[in-house]
Amino acid sequence: MPALTGDCTTSSGAVATTCNNPPPMYISGNWYIAGGEMLNTGASNSNANNGTASCYPFFFRAATTINALGGFVNTVSAGGNFSLAIYAHNPATNRPTGDDLANSGSLSTTSSAAVSGVISLVVASPRWLWACQNSDNGTATLRAGTFLAMSGFMGTATQANLDTGTSKISGVTTSLSFAGGWTDLTGATWTEVGARNWALVQFKIQ
């Protein structure tokens, strides 16, 4: 077997591959935006669809532990709450599946600030995950953005959904009562969404 060179090198006759330019590793104690490397634009995100799980995919690139989830409240809603969750990826459907792997619990929308909840999610190896958000009101807005992973990686059975003319398909939603908490989404019916900004789900590395 000839040796292959470049960013990754395979020795002749060997099955091991050495990569000279791997993606940056997560640093303990640092915060990151889920899917930030595929972020298109930033804006404020209205939670008008309260009682709706809104999810977008992101690639988690290491084997490590996430110990917090957070977001940034732009427009406040006194007494209101939102919640963030991480779900597993179903490779058969390219959609979220199962029970939440972890969630932030209820986070207050009373103050315009960065807020977070403690979790403990051990990710055993690099993999696709889904970042989800729900709220109990339609007043508060969260710092948000548009992501590009859906069009290029997850796809759609409906060609027109790839490009609405104003944006690309960027996430999926399903009805979910906030009061009922995060539940098993295996059998959920997903609506593909294009023209929308998605709450920036932030995570912290242990």
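The label-point distance for D99 and A63, in a model that sets each label 7 Å from Cα toward Cβ, rounds to 2.5 nm. Rg of the Cα atoms in the chain, relative to 2.2 N^0.38 Å, amounts to 1.10. Size descriptors for the stretch 86-198, from the alpha-carbon set: Rg then Dmax equal 14.9, 41 Å.
The accessible surface of the chain, taken with every protein chain in place and a 1.4 Å probe, is 53 percent carbon and sulfur.
Can you give the FRET efficiency to the nearest 0.05 for N90 and S28, using r as the Cβ-Cβ distance and R₀ = 22 Å? Let's see the in-between values first.
Details: r = 30 Å, r/R0 = 1.36.
With R0 = 22 Å, the Cβ-Cβ based efficiency is 0.15.
For the residues N45, N134, N94, a GNM of the chain with alpha-carbon springs under 10 Å puts the largest fluctuation on N94.
For the chain, report the accessible area per residue in Å² (1.4 Å probe, heavy atoms, rounded to an integer).
For the chain, the solvent-accessible area averages 47 Å² per residue.
Compute the separation of the alpha-carbon centres of the stretch 141-187 and the stretch 63-136 and state it in Å as a whole number. If we compute the Cα centre of each part, the gap is 15 Å. When the chain is treated as a Gaussian network with alpha carbon springs shorter than 10 Å, the biggest mean-square fluctuation among A102, A114, A88 belongs to A114.
The values are calculated or read from the model by the stated rules, or taken from the named source; none is laboratory data. Not measured: the values here are computed from a predicted model. So basically every Cβ, Gly included, is an ideal-geometry build from the backbone, and we count neighbours across all protein chains shown. Accessible surface areas use protein heavy atoms only, side chains included; no ligands, DNA or RNA. Shrake-Rupley method; radii C 1.70, N 1.55, O 1.52, S 1.80 Å.
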